[in-house]
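Note sheet for the following structure.
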Amino acid sequence: MRTLYNKILGKIDYLKRAIYFFYWKSDGKKNSIENDKFIFFEINDASQLFDIDSNKQQEYKKRLEDGHVFCCLKAGDCLSSYGWINPTSSHFFGELNLKTNYPNTIEVLYDFYTYEDYRGQGLYPLLLQKICLRNNKTKIGYALSDNLSSMKGLKKADFKLLAIIKGYNKGRLERLLKKI
């Protein structure tokens, strides 16, 4: 009986979970964040992965095989920050357990990480802007409601709030993505 109770509570918590969706559209402005200490890299091939936790190697290889792009900033030989681009026309939002389709003019940015030694230096917004300037496609970024640092970084990189989605709401998200 206790297990059933916990499952029901888990479902209720899941349906209350809020995710903030942000978008970025090219407006012809120059990158407002600069830092010459860090070099931007884009990786499309698993053989080029470096400095990545061996526990994540297989997952990252699968993402690359699926057409996703690994982007990172390096300071010298050290990986400092990284994130992913999904340029395909569908994306699985694990936080919502939701796979959605969107126009091919949109790329989803996800799973960003900055190593502890490099935090507080504005690398997340810098990496976001470097990614945004690689082409003119609209970018979508998202963060859970309790991840205030991610939301702050998205705003600093000139992303605009698109919507706050709670629980499983695929139809609303797909309608919003078609409007941008």
*In nm, give the distance between the simple-model label positions of A18 and L148, each being 7 Å from the Cα along the Cα-to-Cβ direction.*
1.4 nm
*Please give the length that would be gained between R119 and L133 if that part of the chain were fully extended, namely 0.36 nm times their separation in residues minus their C-alpha to C-alpha distance (nm, one decimal).*
2.8 nm
*asked:* Given a Förster distance of 41 Å, report the FRET efficiency between A163 and D45 from their Cβ-Cβ distance, rounded to the nearest 0.05.
replied: 0.75
*Structure shown: which of K37/K166; K74/K166; K62/K137 lie over 31 Å apart, alpha-carbon to alpha-carbon?*
K37/K166; K74/K166
*asked:* Testing the spin-label approximation: label points 7 Å from Cα along Cα→Cβ at N104 and S90. State their distance in nm.
replied: 1.6 nm
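Laboratory data are not the source of any read-out in this text; all were calculated from the coordinates shown. This one's a predicted model, so the numbers in the text were calculated from it and none came from an experiment. Here Cβ is always computed from backbone atoms with ideal geometry, including for glycine, and neighbour counts include all displayed protein chains.
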